[in-house]
Amino acid sequence: MMRNLLLLFFVFTSVFVSQGETKDPLGNVVITSDKGKTQVQSNEKGELLINVSPKDILKFKENKLVKYSDFGAKGDGKSDDIDAIAGAHAYANEHSLKVKADDGASYYIGKKDRTAYIQTDTDFGTATFIIDDTDVDNLKAAVFTVSSNLKPFKLEGITSLKRNQKKIKASLPGTSLITVSNSNVKHYIRYGSNQDNGSAQSDIFIVDKNGKVDMDAPIIWDFDEITEIMALPIDEETLNITGGHFITIANKEESKYNYYSRNLLVNRSNVIIDGLEHKVTGEGEHGAPYGGFLSIRNCSYVTVKNTILTGHKTYKTIGSAGNPVSMGTYDILVGNALNISFINCSQTNDIDDREYWGIMGSNYCKNLLFDNCTFSRFDAHKGVANATIRNSTLGHMGINAIGSGTLIVENSTLRGRSIINLRSDYGSTWQGELIIRNCVFIPNGGNTSSPALISGSYSGQHDFGYTSYMPEKITIENLKIDDSNHPEDYEGPAIFTNFNSKNTDATYQEKYPYVLSKKVILKDVTTKSGKELRLSENPFMFNEIKVITK
């Protein structure tokens with residue numbers, strides 16, 4: 001009896017009122033315990049008012065889980081259930097209970113600006129979640145946010161960092177994610193139709209409690225000055241999210257860069273997402289782009305497996321340079337994140353259907369992995385340090401990357417215009433090594449093509465905010481090129497596309513010189529056409545690269 005009275009007193013006096021998402025992961029929640037029924041309501045201030053009956057308190061404690069129906073979710077596919085869903089998670093978070101969706105339920109999520117915060121294991125099971133984006137109060141509000149109770153804090157006394165530095169002067173409560181920036185230096189000064197003025201120099205890495213840097217994800221820049229440096233302790237226990245069928249009813253906004261983020265946002269380290277499915281319906285003649293149904297940011301050690309996603313229809317708008325552009329729109333977006341893996345994942349669309357944009361984009365990441373995935377695209381916009389694609393098939397948008405470290409492509413089938421496209425809008429740069437082995441290359445998805453294995457473009461006249469590099473060493477082993485569908489004047493596949501049609505003799509001067517590869521190692525490279533592999537349509541630019549055939 002005394003235990004029960006203490007429990008009731010604790011719950012009755014547990015009141016949580018946040019000042020916003022950034023300050024309180026529970027977000028505008030008040031929890032009470034009265035004799036009435038368990039229910040969830042919202043008031044005129046937008047606060048979520050949760051009452052949990054004493055009887056249900058005991059039931060939840062005994063079962064060690066809560067269901068959405070316990071908090072009033074109808075699951076009929078018509079009633080808006082987001083408050084009940086958010087309420088269930090808020091209570092579960094406070095009492096360390098698991099959350100389980102009701103088997104076979106269909107939860108409708110309408111226009112309301114409400115986010116459910118996940119901090120405990122959650123089983124979406126066989127339930128369906130219908131996310132209606134046709135009329136929303138806040139297109140930037142995540143439907144679910146996987147968050148941590150651990151809070152970031154500023155580090156004091158660190159005024160500079162060096163590339164590959166092994167330790168920082170810091171004493172931390174445990175292994176932590178460090179983010180650092182220098183707003184006085186600009187990187188990734190974009191070139192082309194979506195040109196911009198760049199972003200502040202930044203980096204993200206992991207250190208242990210003594211400040212020792214995890215060299216599997218090293219510091220990649222020299223910071224002569226630091227304007228902000230933060231530490232976020234990493235959760236030690238793994239949080240598991242399983243199952244769930246999600247359907248987005250697409251927005252019908254004007255086709256402009258106004259990204260929708262009504263999604264599942266992961267802001268916590270050590271998370272496994274297993275068996276999720278996301279589909280998109282209702283795409284019409286126009287629409288705003290999406291910033292990833294799975295959005296993974298500011299975290300490390302996240303694995304997505306056995307998951308099926310959907311590419312979004314491509315819409316056009318006018319870019320920053322005043323020219324028509326196709327808008328990037330994503331079902332996967334990864335940013336400021338380390339050690340992110342996609343295992344045994346695929347998409348509902350045809351990976352060669354150009355009506356749909358490439359499914360994945362990333363910025364400021366390290367150690368990205370695709371393993372046994374069938375996707376239309378792998379992409380690293382503002383740099384990735386170390387990436388591996390293995391046992392996978394990539395479709396029409398292929399592999400687009402800039403960055404550093406080692407880029408490995410193995411045991412995979414590539415159906416893009418090239419095997420690797422070094423993104424020209426960010427300087428076609430890869431400071432490190434490229435390894436391609438045991439792969440099949442079907443240029444342009446089998447359509448007529450004069451392929452090059454590595455594509456990019458570099459004029460040497462634009463300042464990207466950093467020196468641009470080609471991979472110092474390129475190793476290509478056991479590559480089968482299916483170039484059987486080629487034009488009549490075809491001379492054979494090239495290692496490099498024509499990166500600069502003007503750089504054809506010694507008179508051409510690069511204002512910002514390109515650091516070219518030192519050597520290319522070729523072993524067992526074969527073509528269906530029988531044509532020999534050649535250097536490039538512009539051999540002058542690459543004539544100092546040593547090509548070794550084994």
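Here are some notes:
- Part-to-part distance (alpha-carbon centres) for region 103-134 and region 32-75, which is given in Å: 17
- Cα-only radius of gyration and Dmax that characterise region 57-208, units Å: 21.6, 62
- Environment charge at Pro513 (Cβ cut-off 13 Å; Lys +1, Arg +1, Asp -1, Glu -1): -2
- Straight-line reach from Lys64: taking Cα to Cα under 14 Å and skipping same-chain neighbours fewer than 8 places apart, the aspartates and glutamates in range are Asp56, Glu94, Asp121, Asp123.
- Computed from label points 7 Å out along Cα-Cβ, the spacing between Thr281 and Asn543 is 6.2 nm.
- Interchain or long-range residues, amide H under 5 Å from Val304's placed H: Ile273, Ser341, Phe342, Ile343
- Tensor-based shape of the chain (alpha-carbon gyration tensor, a/c under 1.5 rounded, otherwise prolate or oblate): prolate
- Protection-proxy order for peptides 234-243, 98-107, each taking the mean of Cβ atoms within 10 Å per residue, highest first: 98-107, 234-243
- The alpha-carbon atoms of region 273-397, seen along their principal axes, cover 38, 29, 22 angstrom, with the largest extent given first.
- Rounded to whole numbers, the Karplus 3J(HN,Hα) couplings from phi for region 215-226 are 6, 6, 9, x, 5, 10, 10, 7, 9, 6, 8, 10 Hz, using 6.51 cos²θ - 1.76 cosθ + 1.60 with θ = phi - 60°, and x at Gly and Pro.
- Percent of beta bridges antiparallel (DSSP, region 203-340, rounded to nearest 5): 15
- Counting only aspartates and glutamates at least 8 places from Lys480 when in the same chain, those with an alpha carbon closer than 15 Å to its own are Glu410, Asp524, Glu532.
- Percent antiparallel among DSSP beta bridges (both partners in region 315-366, rounded to 5): 40
- Enclosing the Cα atoms of region 417-550 in their convex hull gives a volume equal to 100 cubic angstrom per residue.
- Relative contact order (%) - criterion: Cα under 8 Å, at least six apart; region: the chain: 8
- Measuring against 23 Å, Cα to Cα, the residue pairs Lys382/Lys519; Lys55/Lys98; Lys35/Lys112; Lys112/Lys154; Lys186/Lys382; Lys45/Lys111 contain Lys382/Lys519; Lys35/Lys112; Lys112/Lys154 as the ones spanning a longer distance.
- Ranking of Phe375, Phe60 by count of other Cβ atoms within 10 Å, fewest first: Phe60, Phe375
- Report note on the peptides 281-290, 469-478, 393-402: ranked by the mean count of other C-beta atoms within 10 Å, highest first, their order is 393-402, 469-478, 281-290.
- Rounded to the nearest 5, the antiparallel percentage of DSSP beta bridges internal to the chain is 20%.
- Amide H within-cut-off set for Asp222, under 5 Å, with H built and near neighbours excluded: Arg163
- The 3J(HN,Hα) values that the Karplus relation (6.51, -1.76, 1.60; θ = phi - 60°) gives for region 471-483 are, in residue order, x, 4, 10, 10, 10, 10, 10, 6, 10, 10, 9, 8, 9 Hz. Gly and Pro appear as x.
- Packing-based ranking of 85-95, 167-177, 342-352, 188-198 yields 85-95, 342-352, 188-198, 167-177, ordered from highest to lowest mean Cβ neighbour count within 10 Å.
- Coupling constants for region 178-191 follow from the phi torsions by the Karplus curve (6.51 cos²θ - 1.76 cosθ + 1.60, θ = phi - 60°), and in residue order they are 10, 10, 9, 8, 10, 6, 8, 10, 10, 10, 6, 6, 5, 10 Hz; glycine and proline get x.
- The length gained by stretching the chain between Asn240 and Lys252 to full extension, at 0.36 nm per residue less their Cα-Cα distance, is 1.0 nm.
- Cα gyration tensor shape of region 102-159, rounded if a/c is under 1.5, else prolate or oblate by comparing a/b with b/c: oblate
- Remark: region 251-343 is approximated by an ellipsoid whose semi-axes, taken from the C-alpha gyration tensor as √(5λ), come to 27, 15, 10 Å, largest first.
- Available extension along the chain between Asn447 and Ser42 is 140.2 nm, counting 0.36 nm per residue and deducting the alpha carbon span.
Only the coordinates and a few stated rules stand behind these numbers; no lab work does. If you're wondering where the values come from, they're calculated on a predicted model, not measured in any experiment. Positions of Cβ are backbone-derived with ideal geometry, glycine not excepted, and every protein chain shown enters the neighbour counts.
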